[in-house]
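Below: the structure, in structure tokens.
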Amino acid sequence: MDWTLGIDRQRDALLRMVAALLVMAGDGGVLPRHVRTEIWRVLRPAEAAFRRLVVVVKVVFKIEARVRVSRAVPVIPRVSGDAAARIPAFALFDVRKSFKARSSVKGRKPVPRIRFFDEVQVFEPVVVISPDDAVCAAHLMRRLKALSAALGDVPKQARRLARWEAKRQAVRAETGRYIAPMRPGKPPGHRDRGRHPVDFVLKECHEMALYALHDPPDMGGKSIST
């Protein structure tokens with residue numbers, strides 16, 4: 001299997017999708033509800049696909065964490081600009097599934113309905129949600145920019161992942177707990193009957209990551225070009 005070709009192909013596909021999402025989002029301040037929903041439907045599986053691509057790069061090219069040597073230098077405070085203008089770091093770990101027991105009762109809880117003749121009933125107006133309502137898209141835009149920036153430097157994200165895994169291995173040695181980057185089961189954003197191109201990219205990246213983790217290839221010292 002040509003791992004470099006497979007990684008580049010999936011990365012290029014994700015870059016095209018993210019570019020299209022950035023055009024849809026515009027300035028990212030306020031969007032119609034249906035536009036924000038459509039962006040989320042592509043962004044969530046695209047994030048999951050890229051996480052698996054980072055895992056593939058780390059495993060295939062044997063990227064390990066570098067030991068940072070602490071130096072006795074004075075701490076110089078950084079001059080930070082607008083916090084909202086900074087691009088956040090991409091989240092390299094899947095959100096874990098919640099296995100809390102759900103209530104079998106849907107809707108309102110069963111309570112006795114007691115009415116009195118002199119009771120004044122106040123009916124709240126029904127709020128109608130329209131797909132054209134203007135909604136805030138600031139959180140979506142931050143995640144979209146984080147994914148776009150991370151796609152620009154995949155080896156950097158693989159090194160970040162290696163450092164995080166080294167820290168978690170140390171925690172595992174002390175507590176016995178360990179959280180892998182990929183959650184068990186189906187990846188976030190998976191759709192059984194998905195027909196969007198991102199669904200196929202997520203499937204390919206997930207299969208590549210599982211194959212790389214269970215049967216790590218020997219690249220013979222080759223490096224990734226992206």
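Table for the structure above
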{"quantity": "Criterion (loosely packed, with under 10 Cβ neighbours inside 10 Å, modelled with pLDDT under 95 and within 24 Å of L15 (Cα to Cα)) met by exactly one of A84, A101", "calculated": "A84"}
{"quantity": "Scan of region 17-56 for residues that are closer than 17 Å to A150 by Cα and over 17 Å from the mean Cα position of the chain (by Cα), ordered by number", "calculated": "A20"}
{"quantity": "Residue among A180, A209 that alone is modelled with pLDDT of 95 or more and of a type in the set (G, A, S)", "calculated": "A209"}
{"quantity": "Output for region 136-180, where each listed residue is assigned to a helix (DSSP H, G or I), of a type in the set (S, T, Y) and touching a helix residue (DSSP H, G or I) at 6+ places or on another chain (Cβ under 6 Å)", "calculated": "S148"}
{"quantity": "Qualifying position, being among the basic types (K, R), closer than 22 Å to P188 by Cβ and at pLDDT 95 or above, among R96, R11", "calculated": "R11"}
{"quantity": "Number of the exception - P216 against (1) part of a loop (DSSP other than H, G, I, E, B); (2) modelled with pLDDT of 90 or more; (3) not polar (S, T, N, Q)", "calculated": "(2)"}
{"quantity": "Every pair of residues 6+ apart whose Cβ atoms lie under 8 Å, when the first sits in region 129-158 and is of a type in the set (S, T, Y) while the second is surrounded by 13 or more Cβ atoms within 10 Å (Cβ to Cβ)", "calculated": "S130/R33; S148/V18; S148/L22"}
{"quantity": "Hits in region 195-209 - residues which are over 13 Å from A46 (Cα atoms) and out of contact with any helix residue (DSSP H, G or I) (no Cβ under 7 Å at 6 or more places or on another chain)", "calculated": "R195, E207"}
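The values are calculated or read from the model by the stated rules, or taken from the named source; none is laboratory data. Values in this document were obtained by computation on a predicted structure and should not be read as measured data. Note that we place each Cβ from the backbone using ideal geometry, even for glycine, and neighbour counts take in every protein chain shown.
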